[in-house]
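The values are calculated or read from the model by the stated rules, or taken from the named source; none is laboratory data. Since the model is a prediction, treat every value here as computed from it, not as a measurement. A quick note on method: Cβ atoms are made from the backbone with ideal geometry, for glycine too, and the neighbour counts reach across all protein chains shown. The accessibility values were calculated without ligands, DNA or RNA, using every heavy atom of the protein model including side chains. Shrake-Rupley method; radii C 1.70, N 1.55, O 1.52, S 1.80 Å.
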Amino acid sequence: MINEIVKKNGITFGVIIGVVSALITATIYAVDLNLFTEWWIGVLSILTYLILGIALLVKTKKELNGVFSFKNAFTTYFIAIVIGILISVLFNILLFNVIDPSAKEAVNELIIKYSMNMMQKLGAPASSINEAIAKMKENDPYSPIELLKGSIFTILFSSLFGLILAAFFKSKSTQE
């Protein structure tokens with residue numbers, strides 16, 4: 001059975017993470033679509049989610065009076081990331097497939113140009129660049145199916161952070 005504090009905090013922070021993610025995406029969309037290709041936006045987003053995850057675990061450990069098993073720490077984090085990622089994915093599906101489908105085409109073109117420039121800077125042969133660009137043009141990374149597939153990878157990747165954070169935040173005296 002899941003502890004009520006673990007469940008409550010996981011759900012609350014999951015909604016916060018999802019809303020923050022949607023706000024980041026909406027801000028980038030409103031300000032400049034070129035920001036979708038900026039590496040520092042990704043780093044800033046990861047740091048934001050990491051800080052929220054740490055705040056979640058600190059709050060939960062405090063509410064559990066310092067008795068925080070590895071299982072409870074990971075469960076708290078996992079609930080939050082799954083809810084946050086699902087909210088974010090639903091927002092992206094709505095934004096890029098319902099509200100403004102032309103934005104996904106524009107962002108995809110920007111990503112293709114960015115990728116092409118990076119490959120050229122790294123000295124990739126023209127044939128490799130052309131092949132990669134052709135494959136990218138065939139894909140629709142913002143389709144609902146692709147966004148949902150991407151969310152699975154994101155959950156798995158985020159779970160690695162969750163395992164590390166759970167090991168760090170677990171009580172030293174618990175045997176779980």
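What the table below lists for this structure:
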read-out: Extension gain from Val19 to Lys135, taking 0.36 nm per residue of separation minus the Cα-Cα distance; value: 38.5 nm
read-out: Accessible surface of the chain, 1.4 Å probe, proportion on carbon and sulfur as whole %; value: 70 percent
read-out: Euclidean distance between Cα centres, segment 35-49 to segment 114-176, Å; value: 13 Å
read-out: Calculated P(r) tail over 17 Å for segment 104-176, as whole % of Cα pairs; value: 63 percent
read-out: By average C-beta atoms within 10 angstrom, highest first, the peptides 153-166, 38-51; value: 153-166, 38-51
read-out: Point-charge dipole on Cβ atoms (K/R +1, D/E -1) for the chain, about Cα centre, debye to 20; value: 760 debye
read-out: Gain upon complete extension [Lys62, Ser128; 0.36 nm per residue less C-alpha separation]; value: 18.4 nm
read-out: Per residue value of the accessible surface for the chain (all protein chains in place, 1.4 Å probe), Å²; value: 59 Å²
read-out: In Hz, Karplus ³J(HN,Hα) per residue of segment 114-124 (6.51, -1.76, 1.60; θ = phi - 60°; x = Gly, Pro); value: 4, 4, 4, 4, 5, 5, 5, 5, 7, x, 5
